[in-house]
Amino acid sequence: MLVFRSLAFNTLYYLNLIVWMIAISPTLLLPRPVFMQAARLWAGSSLFLLRVVAGTRVEFRGCEKIPPGGLIVAAKHQSLWETFALLRIFDDPVFVLKRELMWIPLFGWYAWKAQSVAIDRKGGSSALNALNLRAREAVREGRQILIFPEGTRRPPGAPPAYKFGVAHLYRNIGAPCLPVALNSGLFWPRRKFLRRPGTIVVEVLDPIPPGLPRDEFFRQLQARLEEGSNRLLEEGLRELGPLAPAPGA
């Protein structure tokens, strides 16, 4: 049953994605807020399919902690899931993504329309300077800079591998940072087609105010994200029971 429901969901998910990418193509010619609203509707339709077909629900906690105005959102990254699901709780996010994604037909056009920040991972200090400049502009506009501090998806419970890019960003733009913990990798694991039934939990943690020394900020961010995500991991494992993945999977 799990394999059948996962196969059915993945088929419908990608068909739905193709339909939406074609249907919202006219928004490329319209103001960005119109496009972002269409993207949020697509994200909602994907979450609906996930709940109805795969039996995977979502619970967003702590959304009242999201401060108004521009800020940095530093989210744990375990799955493809959060790359679209977080659109449901942030008004006008700016995604920080690797440059290669901008070259994908259609997806790259939409990422450009959303004014995503593309980073050359081999660009060194020049890439960080470009990130800081774009992020500072977006924060002045009241937008949320959404970054995954580990840079790539990590299995639930894997040892942390945070990159200093988020600390450079925090130091240079002077905005609060909002940590976001989650356990999505239990239910939508990376590089696997299985979609486990249960409840994905996203928890918005207390914001880190601007002005901390870079190393202190980096320590606090990692400690908060790891503590929060490990707590949600244990909660998810209890819910999954026999369906729980092997450690590190």
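The values are calculated or read from the model by the stated rules, or taken from the named source; none is laboratory data. What you are looking at is a predicted structure, and each value in this text was computed from that prediction instead of being measured. When we count neighbours, we look across all protein chains shown, and the Cβ atoms used for this are built from the backbone with ideal geometry, even at glycine.
Some notes on this structure:
- In the range 156-168, the residues that are in contact (Cβ under 8 Å) with a residue 40 or more places away in the chain reach residues that are hydroxyl-bearing (Ser, Thr, Tyr) and surrounded by 15 or more Cβ atoms within 10 Å (Cβ to Cβ) with C-beta atoms within less than 8 angstrom, at least six apart or across chains, in these pairs: 156/229.
- Filtered residue count, the range 218-249, keeping only those that are over 28 Å from residue 165 (Cα atoms), modelled with pLDDT under 85 and surrounded by fewer than 18 Cβ atoms within 10 Å (Cβ to Cβ): 5
Conditions tested, residue by residue: (1) modelled with pLDDT of 95 or more; (2) more than 22 Å from residue 116 (Cα to Cα); (3) buried (at least 17 other Cβ atoms within 10 Å of the Cβ).
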position	(1), (2), (3)
22	no, no, no
25	no, no, no
29	no, no, no
33	no, no, no
44	yes, no, no
48	yes, yes, no
53	yes, yes, yes
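- Qualifying residue in the range 129-139 (condition: crowded, with 18+ Cβ neighbours inside 10 Å, without any contact (Cβ under 8 Å) to a residue 40 or more places away in the chain and within 27 Å of residue 33 (Cβ to Cβ)): yes
- Cβ pairs under 9 Å, 6+ apart, first in the range 63-80 and among the acidic types (Asp, Glu), second in a strand (DSSP E or B): 64/204
- For the range 179-204, the set of residues classified as surrounded by fewer than 23 Cβ atoms within 10 Å (Cβ to Cβ), of a type in the set (Lys, Arg) and touching a strand residue (DSSP E or B) at 6+ places or on another chain (Cβ under 9 Å) consists of 196 only.
- On the stretch given as the range 208-237, residues that are in contact with a strand residue (DSSP E or B) (Cβ under 7 Å, 6 or more places away or on another chain), in a helix (DSSP H, G or I) and under 25 Å from residue 68 (Cα atoms) total 7.
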